[in-house]
Amino acid sequence: MGLFKTVTIRTPESIELDFVLAGVGSRAVALVVDYACLGLGLLGLAVIYSFLLVQLLSMESVLGLDSRTIQLWLTAIGSLLAFGLYVGYFVLFETLWFGQTPGKRYSKIRVIRDDGQPERLLQATLRSLLRPIDDFLFIGFFCILLTQPEKRLGDWLAGTLVVQTDPKTPGPVQVPERSQAIGKDLLGLIDITQLSPDDLATIRAFLQRRTTLSRQAQVQVSDHLARRYKDQLGLVTLPTEMTTDTFLEALYWAYQQQPQR
Amino acid sequence: MNPAAQLGPLNPGDVVSAALRLYRDRFKTYLKLSALATLWLLGGLVGLVLLIALPVAMLSTLGSSFLPIIGGLGGLVLGFLALLYGSAKYYQLSGVMGRLVFCDLVNRPETASAAQRLLAPKLGQFLWLGFLLFLAYMAAYLAASLGALIAGGAVGLLIAGMFTALINGTVGGILGGILGLMLGLGVFVLVLIWILARLFIADAVLAIEASQDAGGSLSRSWELTQTSVWRIQIVFLAAFLIQLPILMVTNYFPSLFFAFLPDNTAVLAASQGIGLLLSLLGSVLTLPLWQAVKAVLYYDLRSRREGLDLELRHPPEQTNP
């Protein structure tokens with residue numbers, strides 16, 4: 001696809017894998033979502049920290065400790081935890097979810113190694129440790145924008161790529177029985193091989209997405225596609241009265257009945 | 001087969017990536033248009049100032065105290081017209097950018113001059129749309145404030161009353177105040193964001209759809225964004241994040257730097273001037289990005305709601321989107 005950069009990775013078994021790079025927009029979205037989650041975590045930490053501080057300070061006389069010591073200890077532990085959360089959030093999620101964090105999952109992207117393997121603890125840690133540097137003055141942003149493989153410093157060091165996850169191929173379209181029967185009739189009337197795989201993809205996309213279209217558009221696109229394929233197949237008269245949707249369903253079903261080539 | 005027309009509905013992140021990519025592909029064209037648009041707006045402003053200042057200055061040499069006021073008022077009227085014309089050109093050229101991006105996206109590229117010629121008769125509509133948007137934003141602001149006041153006030157009073165009865169007046173007052181304020185703020189932001197998202201792509205619609213006028217574009221934007229307010233927010237945030245580095249170089253760094261300069265009128269004036277120029281440069285650079293985002297979003301929404309991508313897969317001869 002022209003708009004998004006792709007990379008081809010050749011595995012040791014000489015299999016070529018194509019990946020679409022994530023793109024700076026998706027990475028920005030992932031960052032926004034992840035930082036929002038992280039911010040909530042840090043906020044929770046801050047609430048617990050201040051709650052503990054107040055409680056411990058009120059017990060000062062019981063514990064027999066100097067209030068400055070308590071404060072120092074608690075602050076030290078709190079800062080360590082905050083740093084741990086900042087680094088650990090990304091390391092943990094990217095390791096456990098094979099290169100994804102909540103933000104990356106939302107924006108449908110994933111971190112992989114340069115050789116196409118899933119990301120492991122080592123890569124996740126390196127990426128995470130360099131994150132503050134990449135965030136500082138948007139260094140990472142400029143690296144992603146200006147380099148061919150769209151890598152930030154952490155990606156260079158860890159040897160990783162950020163790619164789009166495979167779009168989930170939605171399941172096959174359910175064709176009602178009446179449309180199947182019409183499909184059978186159609187097979188006798190037309191040469192279904194005149195439909196290309198691209199045409200089938202268009203019909204399938206319509207059948208899958210029609211419920212999300214506005215009502216008016218549903219009718220319009222259905223009519224448009226039905227006319228186009230009716231002309232393309234040279235159908236003069238239809239076997240029975242039917243709606244354009246039924247016609248498209250029947251075509252879809254009929255195409256599926258071809259022996260696999 | 002035309003690959004771009006198969007794009008179909010996009011992820012929020014991909015909307016921004018695609019917009020950035022299309023912007024970069026014809027960077028010079030967009031930069032020229034953006035600079036021109038900004039100059040028109042600036043020209044309108046300068047015209048306003050000059051048209052007021054010149055008559056006042058000239059007439060006050062005559063020694064009368066009455067004539068300069070009349071001259072100033074006359075200048076104000078004329079200057080306001082200049083400003084209106086400048087803003088109309090600004091909106092129109094912004095529309096041209098959106099149109100070019102959309103045409104590239106559906107593989108029917110247009111040249112900048114062709115798009116400008118096509119949109120020339122719509123100059124008045126662009127100005128009218130700008131005015132309508134201004135009114136809509138004001139209304140949104142009022143509605144959001146009112147909603148916040150009512151919701152926050154009611155809940156705040158209720159909570160305050162409850163806790164006053166349960167504990168005492170101080171706790172009730174504080175709790176009610178804080179919770180009411182938070183709720184009010186939340187309502188305010190949500191309502192404002194919601195309305196802004198619904199009107200976000202109006203100028204792209206006016207530029208792309210041939211038969212649309214200003215009012216029609218507003219309602220079309222309203223209709224297309226119906227189910228996508230949340231996704232538009234994400235797109236908006238991502239685009240905002242991406243323009244930050246540019247603004248950092250042109251706006252934030254200089255103002256930080258200027259803060260350390262010695263306190264001296266000449267230096268101050270010079271730094272203010274440079275700062276103004278740089279921030280203008282920043283807006284020239286980011287304007288096409290926003291227009292591109294609107295155009296790609298328009299394509300995305302039309303694919304989602306109206307199956308535009310399905311119809312474009314084998315474009316029948318002669319359909320104008």
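Can you give the convex hull volume of the alpha carbon atoms of region A:6-164 per residue, in Å³?
117 Å³
Give me the distance between the Cα centres of region B:80-124 and region A:138-154, rounded to whole Å.
Between the Cα centre of region B:80-124 and that of region A:138-154, the gap is 33 Å.
Which order do B:L256, B:L218 take when ranked by solvent-accessible area (1.4 Å probe, heavy atoms of all protein chains), largest first?
Of B:L256, B:L218, the descending order of accessible area is B:L256, B:L218.
Please list A:S79, A:S179 from largest to smallest accessible area, probe radius 1.4 Å, with all protein chains kept in place. Walk me through the intermediate numbers first.
Numbers: A:S79 65, A:S179 5 Å².
Largest accessible area first, the list is A:S79, A:S179.
Using only helices, what value at 222 nm comes out for chain B when you add -39,500 (n - 2.57) per DSSP H run of length 4 or more and divide by the total residues, to the nearest 500 deg cm²/dmol?
Dividing the helical sum by the residues of chain B leaves -28500 deg cm²/dmol.
So for each of A:13-22, A:234-243, B:84-93, B:293-302 I average, over its residues, the number of other beta carbons within 10 Å; can you give me the resulting order with the highest mean first?
Top to bottom by mean Cβ count within 10 Å: B:293-302, B:84-93, A:13-22, A:234-243.
Would you tally the net charge around A:E94, using a Cβ to Cβ cut-off of less than 13 Å, leaving A:E94 out, and scoring K and R as +1, D and E as -1?
Value of the local net charge: +4.
Residues of B:303-313, mean number of Cβ from any other protein chain within 10 Å of their own Cβ, rounded to a whole number?
The mean count of partner-chain Cβ atoms within 10 Å per residue comes to 6.
Please name whichever of A:F19, B:I201, A:I192 sits farthest to the positive end of the charge dipole of the protein assembly as shown, dipole taken about the Cα centre and charges placed at Cβ: Lys and Arg +1, Asp and Glu -1.
Value: B:I201.
Report, as an integer, the average count of C-beta atoms from other chains found within 10 Å of each Cβ along B:12-24.
Partner-chain Cβ atoms within 10 Å, mean over residues of B:12-24: 6.
Tell me which DSSP H helices of chain B clear both cut-offs, 27 Å or more of axial length from alpha-carbon atoms and a mean Kyte-Doolittle hydropathy of at least 0.5.
Sorted by number, the helices that extend far enough and score high enough are B:27-60, B:67-105, B:123-166, B:169-199, B:265-306.
If you take every residue apart from B:Q125 with its C-beta less than 14 Å away from the C-beta of B:Q125, what net charge results, scoring Lys and Arg +1 and Asp and Glu -1?
Around B:Q125, the surrounding residues sum to +1.
What distance in nm separates the simple spin-label points at B:F134 and B:T61, each placed 7 Å from Cα in the Cβ direction?
According to this spin-label approximation, the distance is 3.4 nm.
What fraction, in whole percent, of alpha-carbon pairs in the protein assembly as shown exceed 48 Å separation?
Counting pairs separated by more than 48 Å, the tail of P(r) holds 29 percent.
Amide H neighbours of A:E119 under 5 Å, at least 5 residues apart or on other chains, H built in the peptide plane: list them.
Here A:G99, A:R113 satisfy the definition.
Hey, can you list the DSSP H helices of chain A whose Cα span along the axis is 15 Å or longer and whose average Kyte-Doolittle score is at least 0.5?
Working: long enough: A:24-58 (50 Å, 1.77); A:67-96 (40 Å, 1.20); A:121-135 (21 Å, 0.18); A:177-189 (19 Å, -0.22); A:197-209 (18 Å, -0.25); A:215-232 (26 Å, -1.55); A:244-256 (18 Å, -0.11).
Sorted by number, the helices that extend far enough and score high enough are A:24-58, A:67-96.
Per residue of A:17-28, what is the mean number of Cβ atoms on other protein chains within 10 angstrom of that residue's Cβ? The partial results should precede the final answer.
Values: counts 0, 0, 0, 1, 1, 3, 8, 8, 20, 9, 6, 14.
Partner-chain Cβ atoms within 10 Å, mean over residues of A:17-28: 6.
Would you work out which of A:G64, A:G103, A:G116 lies farthest towards the positive end of the dipole of region A:6-164, given +1 charges on the beta-carbon of Lys and Arg and -1 on that of Asp and Glu, about the Cα centre?
A:G103
Which order do A:F136, A:F141, A:F90, B:F27 take by accessible area at a 1.4 Å probe, largest first?
The most accessible residue leads, giving A:F136, B:F27, A:F141, A:F90.
Using the Cα centre of the protein assembly as shown as the reference point, and only Cβ charges (+1 on K/R, -1 on D/E), how large is the resulting charge dipole? Debye, rounded to the nearest 20.
On the way: 43 positive and 39 negative charges, 89 e Å.
So the dipole magnitude of the protein assembly as shown works out to roughly 420 debye.
Give the residue from B:Q116, B:T61, A:L80 lying farthest towards the positive end of the charge dipole for the protein assembly as shown; charges sit on Cβ (+1 for Lys and Arg, -1 for Asp and Glu) and the dipole is referred to the Cα centre.
Value computed over the given set: B:T61.
Just for the Cα atoms in chain B, what are the lengths along the principal axes, largest first, rounded to whole Å?
76, 67, 41
Using amide H atoms built 1.01 Å from N in the peptide plane, name the residues 5+ places from A:I109, or on other chains, whose amide H lies under 5 Å from its own.
For A:I109, the qualifying residues are A:T165.
Under a point-charge model restricted to the Cβ atoms of Lys and Arg (+1) and Asp and Glu (-1), what is the dipole moment magnitude of region A:6-164 relative to its Cα centre, in debye to the nearest 20?
The dipole magnitude comes to about 160 debye.
Given the peptides B:11-20, B:267-276, B:28-37, arrange them by the average over their residues of other C-beta atoms within 10 Å, most packed first.
Details: B:11-20: 27.9, B:267-276: 12.6, B:28-37: 18.5.
Answer by packing, highest mean first, reads B:11-20, B:28-37, B:267-276.
How far apart, in nm, are two points set 7 Å out from the Cα along the Cα-to-Cβ line at A:L146 and at A:K184?
It is 6.7 nm.
By what distance, in whole Å, do the Cα atoms of region A:141-261 stretch along each of the three principal axes, largest value first?
If we take the Cα atoms of region A:141-261, the spans are 65, 37, 25 Å.
Restricting to DSSP H runs of at least four residues, report the calculated mean residue ellipticity at 222 nm for chain A, -39500 (n - 2.57) per run over all residues, nearest 500 deg cm²/dmol. Intermediate results must be reported in sequence, preceding the final value.
On the way: 11 runs with 160 residues, N = 261.
Rounded to the nearest 500, it is -20000 deg cm²/dmol.
Given R₀ = 51 Å, what would the calculated FRET efficiency be for A:L85 paired with A:M242, taking r from the Cβ atoms and rounding to 0.05?
Given R0 = 51 Å and the Cβ-Cβ separation, E is 0.25.
The values are calculated or read from the model by the stated rules, or taken from the named source; none is laboratory data. Since we're looking at a predicted model, the values are computed, not measured. Cβ sites come from the backbone with ideal geometry, for glycine too, and all protein chains shown count toward neighbours. Note: accessible area is taken over every heavy atom of the protein model, side chains too, but ligands, DNA and RNA are not part of it. Shrake-Rupley method; radii C 1.70, N 1.55, O 1.52, S 1.80 Å.
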